[in-house]
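To start, the structure under review is shown below, and the notes come after it.
Every read-out reported here was derived from the displayed coordinates using simple, explicitly stated rules and does not represent laboratory data. This is a predicted model, so every value here is computed, not measured. Don't worry about glycine lacking a Cβ; one is built from the backbone with ideal geometry, like all the others, and counts go over all protein chains shown.
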Amino acid sequence: MLKLLIAAALTAIVFVANANANAQNAPYRSPTVLREVSLTVPFKAKSAPQPTIKIGSTIGIARLDKGRLAYAPMSELRDWASLDNHSGATFAPVSPVALAKNFPNQLLNAWGSDNKLDEIRITASDLRMDYVLIYGMGNDAQWGSFAGKAMAETGFIFEETEISPRGEAKAMLVDTYTGHVYGTVISNNIALNINDLTRKIEILINKLTSERSPKNA
């Protein structure tokens, strides 16, 4: 037992001696300098990256009527064609025929599912569209809901702290692959056309595109 105690004491003495030697060889660091460094290099919180869309992306146009995909009137298609000429993205309508091929029960007078918005998104994805711009009017554009459904029931991914506003017309830009909502636009000036709505959508797209170079008409 005595031998073990002596060995342990010798080990402790050697450890202390080595520590003192290392301390003498290390450069002197002033506590003041360390304190100043800690004050001059503040912690930076990581900020979430801003969503962007790429130049040349294809955006599907989906017109709602009572929560269902419908053909857009020719006057509205002309407004979308004008936006297509002045935007870095390409716009193309999502046809109800394409939706019916994916989901046959969506045909007129047939039983349909409760996921009509997600079915529109999936159809746009099958058409190789990067994003889909879904818009509706009246009861499809009410407060806190879209296409007659509460936002939590749309199947889309959105900021839960944001309340979806009401408008005479409402449009949502949605990622066709993830269902992420990139932005919501409303307009209360649609008596004659949807120029006001398309103008606001153009502002949203310009904000989201990292490269703002309008394509040639």
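Answer rounded, prolate or oblate for the stretch 157-210, using the Cα gyration tensor with square roots of eigenvalues a ≥ b ≥ c: rounded when a/c is under 1.5, else prolate when a/b is larger than b/c, else oblate. Intermediate results must be reported in sequence, preceding the final value.
Working: a/c = 2.25, a/b = 1.44, b/c = 1.57.
Oblate, since a/c reaches 1.5 and b/c is not below a/b.
Taking amide H atoms as placed 1.01 Å from N in the peptide plane, list the residues 5 or more away in sequence, or in a different chain, whose amide H sits under 5 Å from that of Phe146.
Hits under the 5 Å cutoff: Met151.
Show the residues, 5+ positions off or on another chain, whose built amide H is closer than 5 Å to the amide H of Ser57.
Residues meeting the amide H criterion: Thr90.
In sequence order, what are the phi-derived ³J(HN,Hα) couplings for the stretch 53-68 according to the Karplus relation 6.51 cos²θ - 1.76 cosθ + 1.60 with θ = phi - 60°, rounded to whole Hz, with x for glycine and proline?
3J(HN,Hα) across the stretch 53-68, in whole Hz: 10, 8, 4, x, 5, 9, 10, x, 10, 10, 8, 9, 9, 6, x, 10.
Want the number for Asn188 to Asp114: 0.36 nm per residue separation, take away the alpha-carbon distance, what's left?
That pair, Asn188 and Asp114, stretches by 23.8 nm at full extension.
Sticking with the crude label model, points 7 Å out along Cα→Cβ, report the distance from Met74 to Val97 in nm, one decimal please.
So the two model labels end up 1.8 nm from each other.
Taking a ≥ b ≥ c as the square roots of the Cα gyration tensor eigenvalues, with a/c under 1.5 meaning rounded and otherwise prolate when a/b beats b/c, else oblate, which class fits the stretch 58-208?
Here the stretch 58-208 falls in the rounded category.
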